[in-house]
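Okay, structure first, notes after.
The values are calculated or read from the model by the stated rules, or taken from the named source; none is laboratory data. None of the values given here were measured: they were computed from a predicted structure. Cβ: placed from backbone, ideal geometry, glycine included. Neighbour counts: every protein chain shown. The protein model used for the area step is the full one, side chains on, heavy atoms only, and it has no ligands, DNA or RNA in it. Shrake-Rupley method; radii C 1.70, N 1.55, O 1.52, S 1.80 Å.
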Amino acid sequence: MCTLEKRGKIFFLTLTGDGADEHRLNPTLIASIRSTLSEVKSQSTRGTVLITVAEGKFFSNGFDLAWAKSASGGSPSEAVNLLRHMVRLFKDVVADLISLPMPTIAAVTGHAAAAGLLLAMSHDYVMMRRDRGFLYMSEVDMGMTLADYFTAMIRSKVAKPDARRDVLLRGVKVKADEAVVKGLIDSAHDSVEKVVEAAVRLGEELSKRKWDGEVYAEIRKALYPELIGVLGLTTKPLVKGRL
Amino acid sequence: MCTLEKRGKIFFLTLTGDGADEHRLHPTLIASIRSALSEVKSQSTRGTVLITVAEGKFFSNGFDLAWAKSASGGSPSEAVNLLRHMVRLFKDVVADLISLPLPTIASVTGHAAAAGLLLAMSHDYVMMRRDRGVLYMSEVDMGMTLPDYFTAMIRSKVAKPDARRDVLLRGVKVKGDEAVVKGLIDSAHDSGEKVVEAAVRLGEELSKRKWDGEVYAEIRKALYPELIGVLGLTTKPLVKARI
């Protein structure tokens, strides 16, 4: 599932389950992540930062299709309904992250595919190990279109039309260095230890800025008008500084 | 005019007429292309791919202004009407290509100007020879504004504001390598033969993915919301995977 830990000013959200655990986003894990983010939000103060990591070989391999199949009672249309259910539930996780009143960093420690890639990209900063793991939007290969908030996220965070096409329409599997070139992530690091260290270093730098979390969240949302429209979020003007 | 040929899984749409034939887009050629695309669509199966090529020195030099003049009976306003007619007819070709249920590759083997450049850019992948030929949006030099779907295409596929300005507002003539830098095309190749070979190689790679064509087309349309709005197309969610 997922755990929450605080070290100094940094919250660590860890997708737990070592080895070959794919951290598939089923309703239980989604609820666990939302609960964790709610806790983080309630404890946020100036200087707090969130870092999301995962144990084992995978960051997250997306929605739990095996769960949808097994819970469907053998009905393919029911399995599709359950997938759509997870798509709806996960939209709230993305909305939570885009509204979170503190800087967020994803340390991509393994493969991130489909909704798992969306989870990473919902953070302000994304770093990844270069020695293993790839990013992959599997939908074109799986034979399904993408949810509106998926394409809105890609359009918001990936500038180059050819990169968007390669990721969504060609289903490329992108290792970290190429992910930097394509604009999917910010930086690539030599190993899992190094990427977590880099995330912590960045977290500490961002923490020193002691930003007002409410203002931070409003400015973040204003960066992504198309995305927040799709997520049903709005922005409001704030002046909290003493002029 | 144009011919359609199938070799293995790859459809070749060829703008025929060698040498100095400019493959001007007049109503007859436009209808011929639409008919060929309709045929491609009806024969599409998992793994089929379309490659568009042209014979001779030109890929296409745009709308047939000479035809508009000669068919106008000496009336300048009638000539403009006939141009507007071609603009309307060609919009459907672009809509057909953006909706086509298979990957599309334009192999630009010569000059591509105005509507001819639009034709190339309506494909998922565009490659060009580097030794001859230029891409050119001639409208600013000709003294005419661009149809809505022309600017929507440029905005959808060319990210850099300075590149858009150079192409539309400065009317630059862009050779293969510079076209890659500007983001107009994907790759440049040493000769006419080499660019067709590269298109076939890419086509074969894409073919191996055996994508569901209906899903592929929906994902493609979702990449270009502004463009499909202007073309009057919509998207729909699909789950065709067996979960």
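Go through the stretch B:178-188 and give me each residue that's free of Cβ contacts under 8 Å to residues at least 60 places away in the same chain and either touching a strand residue (DSSP E or B) at 6+ places or on another chain (Cβ under 8 Å) or within 14 Å of chain A (Cβ to nearest Cβ) (or both).
Our first condition is that a residue be free of Cβ contacts under 8 Å to residues at least 60 places away in the same chain; within the stretch B:178-188, this holds for B:178-183.
Listed by number, the residues that qualify are B:Ala179, B:Val180, B:Val181, B:Lys182, B:Gly183.
So which pairs qualify, if the first residue must be in the stretch B:189-213 and closer than 22 Å to A:Leu169 by Cα, the second must be open to solvent by 40 Å² or more (accessible area, probe 1.4 Å) and in a helix (DSSP H, G or I), the Cβ gap must be under 7 Å, and the two must be at least 6 apart or on different chains?
B:Arg209/A:Asp141
What's the number of the only condition in (1) open to solvent by 40 Å² or more (accessible area, probe 1.4 Å); (2) closer than 30 Å to B:Arg164 by Cβ that B:Lys240 fails to meet?
(2)
Which residue out of A:Leu135, A:Leu118, A:Leu100 is more than 14 Å from chain B (Cβ to nearest Cβ), closer than 29 Å to A:Gly213 by Cα and out of contact with any Lys or Arg (no Cβ under 7 Å at 6 or more places or on another chain)?
Exactly one of A:Leu135, A:Leu118, A:Leu100 is more than 14 Å from chain B (Cβ to nearest Cβ), closer than 29 Å to A:Gly213 by Cα and out of contact with any Lys or Arg (no Cβ under 7 Å at 6 or more places or on another chain), namely A:Leu118.
Among all residue pairs at least 6 apart or on different chains, which show Cβ distances below 6 Å where the first residue, located in the stretch A:33-49, is without any contact (Cβ under 8 Å) to a residue 12 or more places away in the chain and the second is assigned to a helix (DSSP H, G or I)?
Final answer for the pair search is none.
Against the condition closer than 22 Å to B:Leu202 by Cβ and either of a type in the set (Asp, Glu) or not in a strand (DSSP E or B) (or both), how does B:Ser77 come out, does it pass? Give the steps one after another, and end with the answer.
Details: closer than 22 Å to B:Leu202 by Cβ: no; either of a type in the set (Asp, Glu) or not in a strand (DSSP E or B) (or both): yes.
Taking the combined requirement at face value, the residue does not satisfy it.
Given B:Ile30, B:Ile51, which one is open to solvent by less than 10 Å² (accessible area, probe 1.4 Å) and outside any helix (DSSP H, G or I)? Explain how you work it out, then say what you get.
Numbers: B:Ile30 fails: outside any helix (DSSP H, G or I).
Residue meeting the stated conditions: B:Ile51.
In the stretch A:106-131, what residues are in contact with a helix residue (DSSP H, G or I) (Cβ under 7 Å, 6 or more places away or on another chain), part of a strand (DSSP E or B) and not aliphatic (A, V, I, L, M)?
Selection gives A:Tyr125, A:Arg129.
Within the stretch A:139-170, can you find the residues that are closer than 18 Å to A:Ser60 by Cβ, open to solvent by 20 Å² or more (accessible area, probe 1.4 Å) and either more than 9 Å from chain B (Cβ to nearest Cβ) or polar (S, T, N, Q) (or both)?
The one that is closer than 18 Å to A:Ser60 by Cβ, open to solvent by 20 Å² or more (accessible area, probe 1.4 Å) and either more than 9 Å from chain B (Cβ to nearest Cβ) or polar (S, T, N, Q) (or both): A:Lys157.
Does B:Lys175 satisfy being of a type outside the set (Asp, Glu), more than 14 Å from chain A (Cβ to nearest Cβ) and open to solvent by 40 Å² or more (accessible area, probe 1.4 Å)? Working first, answer last.
Numbers: of a type outside the set (Asp, Glu): yes; more than 14 Å from chain A (Cβ to nearest Cβ): yes; open to solvent by 40 Å² or more (accessible area, probe 1.4 Å): yes.
Against the criterion (of a type outside the set (Asp, Glu), more than 14 Å from chain A (Cβ to nearest Cβ) and open to solvent by 40 Å² or more (accessible area, probe 1.4 Å)), B:Lys175 qualifies.
Anything in the stretch B:208-243 that is under 19 Å from the mean Cα position of the chain (by Cα) and among the β-branched types (Val, Ile, Thr)? List them, or say none.
Answer for the stretch B:208-243, where residues must be under 19 Å from the mean Cα position of the chain (by Cα) and among the β-branched types (Val, Ile, Thr): B:Ile219, B:Ile228, B:Val230.
Looking only at the stretch B:215-230, how many residues end up being open to solvent by 30 Å² or more (accessible area, probe 1.4 Å) and more than 9 Å from chain A (Cβ to nearest Cβ)?
Total satisfying the criteria: 3.
Those residues that are loosely packed, with under 14 Cβ neighbours inside 10 Å and assigned to a loop (DSSP other than H, G, I, E, B), I need them from the stretch B:185-196; list them, please. Before you say what the answer is, go through the steps one by one.
If we filter the stretch B:185-196 for residues that are loosely packed, with under 14 Cβ neighbours inside 10 Å, which is where we start, we get B:190-191, B:193.
Within the stretch B:185-196, B:Asp190, B:Ser191 qualify.
In the stretch A:55-71, which residue that is open to solvent by less than 10 Å² (accessible area, probe 1.4 Å) and on the phi < 0 side of the Ramachandran plot is farthest from the chain's Cα centre (by Cα)?
First, pick out the residues of the stretch A:55-71 that are open to solvent by less than 10 Å² (accessible area, probe 1.4 Å): A:59-60, A:62, A:68.
Those still in the list that are on the phi < 0 side of the Ramachandran plot too: A:59-60, A:68.
Values: A:Phe59: 10, A:Ser60: 9, A:Ala68: 21 Å.
Across the stretch A:55-71, the extreme among qualifying residues is A:Ala68.
Go through the stretch A:85-105 and count every residue that is buried (at least 23 other Cβ atoms within 10 Å of the Cβ), in a loop (DSSP other than H, G, I, E, B) and touching an Asp or Glu at 6+ places or on another chain (Cβ under 7 Å).
1
On the given criteria, is B:Ala36 among the aliphatic types (A, V, I, L, M) and either assigned to a loop (DSSP other than H, G, I, E, B) or under 23 Å from B:Leu146 (Cβ atoms) (or both)? Steps first, answer last, please.
Details: among the aliphatic types (A, V, I, L, M): yes; either assigned to a loop (DSSP other than H, G, I, E, B) or under 23 Å from B:Leu146 (Cβ atoms) (or both): no.
No, not satisfied.
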